[in-house]
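This report concerns only the one structure given below.
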Amino acid sequence: MSTPAPGSVLRGAVDLSSLRNRPQTPAPASPDAPAGGATPLVFDVTDATFGDVLELSRTVPVVIDLWAEWCEPCKQLSPVLEKVVTELGGRLVLAKVDVDANPQLAQGFRAQSIPMVLALVAGQPVPLFTGAVPEQQVRDVFAQLLQLAAQHGVTGTVPVEGTEPAEAPGDEPLPPLHAEAFAAIEEGDYARAVAAYEKALVEDPRDADARAGLGQVRLLARVQDADLQAARAAAAASPTGIDAQFLVADLDVVGGHVDDAFGRLLELFAALPTDERAPVRERLLELFGLIGDDDARVIRARTRLASLLF
């Protein structure tokens, strides 16, 4: 899995209800927790306590650090994550997952390499980066994560012992149509969310947040009832089947495997006759917009697409 460029925060997300619905046990008290049972800024999470972390993410963004004792890059990255989270004064918390001790979480997050860092915002995962990245890149990504969280109404803070809670930016309420779309997403009603974002774009075609939100929701709607193993089997059986390849690419994007998704669609584009390529190009452009035009993965894929076109 490749490492995204600085600040490359994926704006899509997928429901983790399959993980959340596992039997849960109460989270054990952390030895680092402040007096009074307050949430610490850095804590360990297990397969059994993941449901508590999901709930916490509805109040404050939760950064997830997937690591292992034998992983040397993890030992380089984890102190950087802890430092930056601590300096943000309660606007983020850091949940550490030992992948060896918690295989269900590692499988649920499709961790193909570690260290792998993602976030939870309102119960939804947001892939961030893999590998031991520089401190400034961590700061840039976390700044974008806070902006994303504010767009979705997650602007709470965790009290830090001996300090006043940090004042979260972007406390202004969401525009009505954005709020309606977000509420619909929370309910799993993607058709209503699509309609709300489309109406917002009719009112203001320059509404970048509505355009990004519309891309998210369309993606979520496409993968809502998909079975990953069945989708991959169908795609393997039909290498030039557009619908089958589209579904696996969507699932890869949702899972954070953006390069894999782009590579699949570019190979499909190259394999198809010229008069059948238009839908693939349109899907690529839609996903480019979802990931972000300045993302290194998008830049590479655009370059390859251009070479295939000309």
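The values are calculated or read from the model by the stated rules, or taken from the named source; none is laboratory data. Computed from a predicted structure; not experimentally measured. Here Cβ is always computed from backbone atoms with ideal geometry, including for glycine, and neighbour counts include all displayed protein chains.
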Positions within the range 102-129 being over 18 Å from Asp52 (Cα atoms) and outside any strand (DSSP E or B), in sequence order: Gln107, Arg110, Ala111, Gln112, Ser113, Ile114, Pro115
Some residue of the range 31-39 being touching a Phe, Trp or Tyr at 6+ places or on another chain (Cβ under 9 Å) and either outside the structural domain of Leu251 (by TED's automatic domain parsing) or modelled with pLDDT under 85 (or both): yes
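Does at least one position in the range 63-84 carry a residue that is small (Gly, Ala, Ser) and in a strand (DSSP E or B)?
Looking through the range 63-84, none of the residues is small (Gly, Ala, Ser) and in a strand (DSSP E or B).
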Set Asp260, Asp275, Asp250: member being modelled with pLDDT of 90 or more, among the acidic types (Asp, Glu) and farther than 30 Å from Asp209 by Cβ: Asp275
Some residue of the range 297-307 being in contact with a helix residue (DSSP H, G or I) (Cβ under 6 Å, 6 or more places away or on another chain), of a type in the set (Val, Ile, Thr) and closer than 28 Å to Ala181 by Cβ: yes
Flag for Val280 being over 15 Å from the mean Cα position of the chain (by Cα), buried (at least 16 other Cβ atoms within 10 Å of the Cβ), closer than 28 Å to Pro115 by Cα and aliphatic (A, V, I, L, M): no
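Can you go through Val97, Val133, Val80 and tell me which one is in contact with an Asp or Glu (Cβ under 8 Å, 6 or more places away or on another chain) and more than 21 Å from Thr46 (Cα to Cα)?
Details: Val97 fails: more than 21 Å from Thr46 (Cα to Cα); Val133 fails: in contact with an Asp or Glu (Cβ under 8 Å, 6 or more places away or on another chain).
Answer to the check: Val80.
Using the structure shown, decide if Gln229 is within 21 Å of Ala301 (Cα to Cα) and in a helix (DSSP H, G or I). Break it down stepwise before answering.
Working: within 21 Å of Ala301 (Cα to Cα): no; in a helix (DSSP H, G or I): yes.
Criteria not met by Gln229.
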Residue satisfying condition, being at pLDDT 85 or above and not in a helix (DSSP H, G or I), within set Ala132, Ala149, Ala95, Ala168: Ala95
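Per-residue answers, yes or no, for (1) crowded, with 20+ Cβ neighbours inside 10 Å; (2) hydrophobic (A, V, I, L, M, F, W, C):
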| position | (1), (2) |
| --- | --- |
| Lys96 | no, no |
| Ser113 | no, no |
| Met116 | yes, yes |
| Val126 | yes, yes |
| Gly131 | no, no |
| Asp140 | no, no |
| Ala143 | no, yes |
Residues located in the range 259-308, provided they are in contact with a Lys or Arg (Cβ under 8 Å, 6 or more places away or on another chain) and either in a helix (DSSP H, G or I) or within 18 Å of Gln245 (Cα to Cα) (or both): Asp259, Phe262, Leu265, Leu266, Phe269, Glu286, Phe288, Gly289, Leu290, Ile291, Leu305
Residue check for Leu272: surrounded by 23 or more Cβ atoms within 10 Å (Cβ to Cβ), in contact with a helix residue (DSSP H, G or I) (Cβ under 7 Å, 6 or more places away or on another chain) and over 30 Å from Phe182 (Cβ atoms): no
